[in-house]
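FYI, it's all coordinate maths here, none of it is from the lab. This is a predicted model, so every value here is computed, not measured. Cβ sites come from the backbone with ideal geometry, for glycine too, and all protein chains shown count toward neighbours.
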Amino acid sequence: MTVKISHSDSIQQFFKEASGFNNDAGDSRLKTVINRILVDTAKIVEELEITQDEFWKAVDYINRLGGRNEAGLLAAGLGLEHYLDLLQDAKDEQQGLVGGTPRTIEGPLYVAGAPVVEGEARMDDGSEDAVATPMFLQGRVTGPDGQPVAGAVVDLWHANTKGNYSYFDKSQSEYNLRRRIVTDENGYYRARSIVPSGYGCSPDGPTQECLDLLGRHGQRPAHIHFFISAPGHRHLTTQINLAGDRYLWDDFAYATRDGLIGDIHFNDDPEAAHARGVEGRFAEVVFDFQLQQAPAPEAEQRSQRPRALQEA
């Protein structure tokens, strides 16, 4: 028999007390959010008849999720990060803020403070020269009028051939495959790097544990992340997923969107390779970005979500 008590005045008052409404200290916004979480959690417990064993198993799962630093990964895997993009898209459309390169999820693997390079950068440290395919990436940043944006900062990062990211993978050098490139006078950025690999959630981690119970895989296609910013323009958080990957439209993190497919062209011509300063096969990717005008100064900045910072 289902028993429901969460709607009663006594329980509602109890949750308000637990949320701090009975004092004048603390943060009023957080009190409102916590109260809603408590009320809605109680409804879930009652309506789905959550057992005590299920409840405490969930608490243990949250502990293990935090212990592995995978909360951001699970947020992406359950579609919550993509939902935030869709919600912002809807808000933008309502306000007439349309056009430009689409946004998509940031993911949990950004590290602040990457080296700044003018115009063109080499992103890899050469440690995978024996196994990696060199990749030449370039494109142009323009404004809403299609004119080039000089001095834009293209902050980009991607995985190595094993699907791992520097900083989180301690075997890689500092800021490997991470750079900030300032566009030249014609709005161009250029980078020499390596073709990244997609990755999967750790098979023994809590995110994959949850996905297994949902009957889902935890794989991502090969992709390259971008933050793009310039004075007077709206900050853009996005990424391009590389064409031809088996998980291109089956990304567990739901980051693939129309307009964000990066065509990758492989070249086996020895003369072309020599002209590029490499030997053997190499790849080329061209991807342009169009920024929106910033409706307010704060729109020029990225969100304030907590991010990793490489120690000096």
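Quick check: Cα centre of region 252-278 to Cα centre of region 172-197, how many Å?
Cα centroid to Cα centroid, the span is 14 Å.
Residues of region 259-277 with the amide nitrogen closer than 14 Å to a label point 7 Å from the Cα of Gln138, along Cα-to-Cβ, please.
From region 259-277, the list is 273, 275-277.
Where in region 198-270 are there trypsin sites (Lys or Arg not before Pro) that are in a DSSP coil and have at most 10 other Cβ atoms within 10 angstrom of their Cβ?
Arg246
Starting from a Cα-only point model with no solvent, please compute log10 I(q)/I(0) by Debye for region 247-312 at q = 0.12, 0.26 1/Å.
-0.69, -1.08
Mean residue ellipticity at 222 nm from the helices of the chain, using -39,500 (n - 2.57) per DSSP H segment of n ≥ 4 over the full residue count, to the nearest 500 deg cm²/dmol?
-8500 deg cm²/dmol
Within straight cross-link reach of Lys162, meaning Cα distance under 14 Å, which aspartates and glutamates are found once same-chain residues fewer than 8 apart are removed?
Lys162 reaches Asp124, Glu128, Asp129.
Hey, got the Cα dimensions of region 9-50 along the principal axes, in Å, largest first?
35, 19, 11
Counting other C-beta atoms within 10 Å, which of His225, His7, His235 has the fewest, and how do the rest follow?
His7, His235, His225
Using Cα-Cα distances under 8 Å and only pairs 6 or more residues apart, what relative contact order does the chain have, in percent?
Relative contact order, the chain: 20 percent.
Looking at the calculated P(r) for the chain, what percent of the C-alpha pair distances fall above 25 Å?
58 percent
How big is region 50-189 in terms of Cα radius of gyration and Dmax, in angstroms?
When restricted to the Cα atoms of region 50-189, Rg and Dmax are 19.7, 63 Å.
Sort Thr207, Thr41 so the one with the fewest other Cβ atoms within 10 Å of its own Cβ comes first. If you can, show how the numbers build up before the last one.
On the way: Thr207 22, Thr41 15.
Ascending number of Cβ neighbours within 10 Å: Thr41, Thr207.
In the chain, which helices (entire DSSP H runs) extend 20 Å or more along their own long axis, judged by Cα positions, while averaging at least 0.5 on the Kyte-Doolittle scale?
Values: long enough: 28-47 (28 Å, 0.12); 52-67 (23 Å, -0.74); 80-95 (23 Å, -1.21).
Flagged H segments: there are none.
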